[in-house]
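A short write-up of the structure that comes next.
Coordinate-derived values only; no laboratory data. Since we're looking at a predicted model, the values are computed, not measured. With ideal geometry, Cβ positions are generated from the backbone for all residues, glycine too; neighbour counts draw on all protein chains shown.
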Amino acid sequence: MVDAILSPILEQLISMAVEEAKEQVRLVTGVEKEVEKLTSNFRSIRAVLNDAEKRQVKEETVRLWLDQLRDVSYNMEDLLGEWSTARLKLQIDGVDDDPENDALVCLEKVCSFFSPASCFGCKQLVLRRDIALNIKEINETLDDIAKQKDQFGFAVNVIKSNERADQRVPSISRIDVSKIFGREKEKNDLVNRLLCESSEEQKGPCIISLVGMGGIGKTTLAQFAYNNRDVDKNFEKRIWVCVSDPFDEFRIARAIIESLTDSAPNVGEFQSLMQYFEKHVAGKKFLLVLDDVWNEDYSKWEPFYNCLKSGFHGSKILITTRKETVACIMGSTHVISVNVLSEMECWSVFQSLAISGKTIGKRENLEKIGREIVKKCKGLPLAAKTIASLLLSKNTEKEWQNILESEIWELEAIEKGLLAPLLLSYKELPSKVKRCFSYCAVLPKDYKIWKHKLIELWMAQGYLSEKGAKEMEDIGEEYFNILANRSFFQDFDRGDDGEISTCKMHDIVHDFAQYLYSNECLTVEIHSGEELAISSFGKKKILHLLLTLRRGASVPISIWGNVKGLRGLRSLLVESDEYSWSSEVLPQLFEKFTCLRALKLEVREPWFQIRKNFIKEIPTNIEKLIHLKYLSLCGQTEIEKLPETLCELYNLECLDVSECRNLRELPQGIGRLRKLMYIDNDDTDSLRYLPVGIGELIRLRRVTKFVVGGGYGRACSLGSLKKLNLLRDCRIRGLGGVSDAGEARRAELEKKKNLSHLELYFEEDEDERLLEALGPPPNLKKLEIHKYRGRRNVVPKNWIMSLTNLRVLRLWGCRNCEHLPPWENCRPLKILKFAE
């Protein structure tokens, strides 16, 4: 995990040094040697991180060493952020264009930009020597950490697969079928799939996959089918191989041959081994179960499948895996998702182990507590079995009550039993994806996760970096899908386009995330009449805090400045019902938490509820949050305007003011926010125009309410869209007030090849030529048109010819529409909807 922090720091450190060296006007001088030393130290430490992170589980001194390293890494990250932001300010102010300006004068211009104190206790950064001094201080600390590493004797990036402490015990095919509870549908489906005849066209054995999270019962289900009497009769040979990780071709091939011949082959070369393998498979109708497959490299699987094709027609391969990608790569013809047990089924698993051996009198006393314990298992059979096994030797109500009230990961037996499969799934993740998973520890249980918001929060923390033509958003999608495919997420909802829109985490996966990252992530919920206490934070150095404030909750003003563990806070996510915000709170918050990357001050109540004492204005000292990339004020209906100092947040990527229904205007200087990618401003009823500077935000990917015209001299026009060629989602309002088709053409929608979601809102009678002049974008997937009054085709013919990727078309209140043109070119179209 620490490597996921160090890698981008190294990249940025080297990049900044190169920029400083080549620029005529530099922000920092005399840091070349310190940067070289820093880079060298980071690289030498990085070389031993694999071994250090493996040993921290059992060695307290190693864990403390890693904590030190993590702290100094975050400090370096903050300094690099201040350094690069100061350079960006110089560029925006146009100073870099004048090489005759002295660097010292430049720094005086950005003097007010810096916070009074840096995030790690350094003095105000006003001169170039101060940045150099801070780099030197960090270097000295890193020197000590680098020297300490030699005391531990770390191995240099060596992990032998046969030494993995988290390797699971190999599964076997035998099972007591009477101990399998529930899953009647899955059992019947699987057995029927194994018994059904393959089509004559099927070349090679049919492949069936069982997919689900660790501990869900995939192996048990496979064992049930393997031992089914009808299945046994249907195949000449049955073979069970526990594959696990790593994918050992020699071991797997020998295991299959041994099952077929009752003897182990004495063959050394892989080629010879596979020829021997194919010879003994040929002509036999077999069932091959490959349990716990992780391998995603098709080239390793291909030799096996080619040899297995020589089997008799009707042969089957059954795979159990935690990854949907594995099922796909191995050519599965049918995938069965294995989900959680019902509470009743989970109870059956639990009571068969924990209660069945007890006397009748004890059973009655323990059953009520047992049922509460089962609720904590959340349908995960491995959790039920593990806890039940722990309770086998415990016979008193007090002992059972202690288990019920304990945190699940405090129990050594649970850690050894349930932790192992989850830890195996986690350790198999790429380091950057682990870092994204770590952020999920700050979310409450049963939290509805909006995929795009989670990705934006990952972006704000710097977890995603662009790779060539791949944008951060696309890399975030890739990482999200890795976690989803490995069952870290579940309960998916999908949008019109079939893509995942929301999901949740299984409670035990959530507990696991918090177990790993309890020192970094904290979730606190304060109810009516309760007060947030300093003791809630303990001695932890919290990086990410989610605070849920219920109606009547109280947070003392003093807490924002007195909790030392919060000074380096990178996420403050506040969700409230009707919390009374004192006018003194936000200025203090902005003054103290200058390391924030993500700030969410959202209201969760429906907009029509009566609201009192919500945030009425955003203090001007918000400019001190120089690292801020994500700002959400969703639902704060009392805010009427945002301060111009908001435009000093040069790193801001996402601004969410949706449902701020009294918000009248955005800051005029918004064009200075050159990194802004997302403006969520839907349901802002009082917002009548957008500033003209919007047209300068060339990195914009989404704006949910692009208001044109409005009769304001400082308002943007349709032509302001011209430079915004990275837009993916745009919803244009106020088209009823646009009469100039030339203005529509200046928007150049047809050049926006990234635009996939477009909504057009008309309010009055309009020129029919306007719609024809507006586009269309070439790769549009979703189009909505509202209140268009034109009498001809509501979708012009010149649009139809280009909408070859359109999947969703909705027409709202287009009452004069007489007919639609033919849709031959729109073969992907799945949803066509008309509504008044």
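If I model a spin label at Cys328 and Asp497 as a point 7 Å from the Cα along the Cα→Cβ vector, what separation in nanometres do I get?
Each label point lies 7 Å from its Cα, and together they span 1.6 nm.
Place the peptides 138-148, 301-311 in order of packing, highest mean first, counting for every residue the other Cβ atoms within 10 Å and averaging per peptide.
Order by mean packing, descending: 301-311, 138-148.
Rounded to the nearest 0.05, what FRET efficiency do Lys830 and Arg688 give with R0 = 25 Å and r taken as the Cβ-Cβ distance? Could you check?
0.10
With each label point set 7 Å from Cα along the Cα-Cβ vector, what nm distance links Phe270 and Asp150?
Placing both labels 7 Å along Cα→Cβ, they lie 4.1 nm apart.
Considering the dipole of segment 230-345 built from charges on the beta carbon (Lys and Arg +1, Asp and Glu -1) around the Cα centre, which of Ser337, Asn295, Asn234 is farthest to its positive end?
Farthest towards the positive pole: Asn234.
Filter the GluC sites (Glu not before Pro) in segment 213-303 to those in DSSP coil with at most 11 other Cβ atoms within 10 Å of their Cβ, and list the result.
When the GluC sites (Glu not before Pro) of segment 213-303 are filtered for loop state and at most 11 Cβ neighbours within 10 Å, Glu269 remain.
Tell me the label-point distance for the pair Lys285, Glu60, using the 7 Å Cα-to-Cβ offset, in nm and rounded to one decimal.
Reported label-point gap for Lys285 and Glu60 is 6.3 nm.
At R0 = 35 Å, how high is the FRET efficiency between Glu364 and Asn188 if r is their beta carbon distance? Nearest 0.05 is fine.
0.50
How much length is gained on full extension from Arg174 to Arg371, taking 0.36 nm per residue of separation minus their Cα-Cα distance?
Using 0.36 nm per residue and subtracting the Cα-Cα distance, I get 68.0 nm.
Give the cross-link partners of Lys187 among the lysines, using a straight C-alpha distance below 18 Å as the criterion and excluding same-chain residues fewer than 8 apart.
Lys179, Lys218, Lys233, Lys316
I need the trypsin sites (Lys or Arg not before Pro) found in segment 584-678, filtered to DSSP loop residues with at most 11 other beta carbons within 10 Å of theirs. Let's see the in-between values first.
Numbers: sites: Lys592, Arg597, Lys600, Arg604, Arg611, Lys612, Lys616, Lys624, Lys629, Lys641, Arg661, Arg664, Arg672, Arg674, Lys675; in loops: Arg597, Arg604, Arg611, Lys612, Lys616, Lys629, Arg661, Arg664, Arg674, Lys675.
Answer by residue number: Lys612.
Quick check: residue separation of Asp143 and Thr804 times 0.36 nm, minus the Cα distance between them. What number comes out in nm?
That pair, Asp143 and Thr804, stretches by 232.0 nm at full extension.
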